[in-house]
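Computed from the coordinates by the stated procedures, all read-outs in this text should not be read as laboratory data. Keep in mind that what you see is a predicted model, and the values were worked out from it rather than measured. For neighbour counting, all protein chains shown are included, and Cβ atoms are generated from backbone atoms with ideal geometry for every residue, glycine included.
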Amino acid sequence: MKAGKMAHVITVQRFTSTVDEYGGVVEDWTDHATLRAEIVEQSTEEFIQNYGAVDTSILAFRTRYLADISNADRIAFDGEVYNLKDIVKIGRRKGLELRAERLE
């Protein structure tokens, strides 16, 4: 995994619950980690749903290993938010390939 290919910056976000000053529970997405990444695959698929044709954009990012990432997290990249669909480990804790689908 070459650092020169990791030209993009992604932010892994996690859904968290906190208590505000009034004792109420506030749920929000917070930044968990900021990583350098390489885009290895980008595709757009069109399929039919109940209300018509829908375009889905899917990206695959390759990045350094991060131990506590899960499918419950999401990725913020280039002003868009992507739902994390698949996490593939590369080698022995060397890197990760993250497949994500853009949220509409």
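Here is how the numbers come out for the structure above:
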| quantity | calculated |
| --- | --- |
| Residue count, the range 1-37 (criterion: out of contact with any helix residue (DSSP H, G or I) (no Cβ under 8 Å at 6 or more places or on another chain) and surrounded by 12 or more Cβ atoms within 10 Å (Cβ to Cβ)) | 16 |
| Contacts under 7 angstrom Cβ, first residue in the range 15-36 being part of a loop (DSSP other than H, G, I, E, B), partner surrounded by 10 or more Cβ atoms within 10 Å (Cβ to Cβ), 6 or more apart | ASP20/VAL26 |
| Pairs where the first residue, in the range 80-91, is under 13 Å from LEU66 (Cβ atoms) and the second is of a type in the set (Ser, Thr, Tyr), C-beta under 9 Å, 6+ apart | LEU84/SER70; ILE87/SER70; LYS89/TYR65; ILE90/TYR65 |
| Top-ranked residue of the range 78-103 - restricted to ones that are of a type in the set (A, V, I, L, M) and farther than 17 Å from THR11 by Cβ, ranked as surrounded by the most Cβ atoms within 10 Å (Cβ to Cβ) | ILE90 |
| Output for the range 58-93, where each listed residue is in a strand (DSSP E or B) and among the basic types (Lys, Arg) | ARG62, ARG64, ARG74, LYS85, LYS89 |
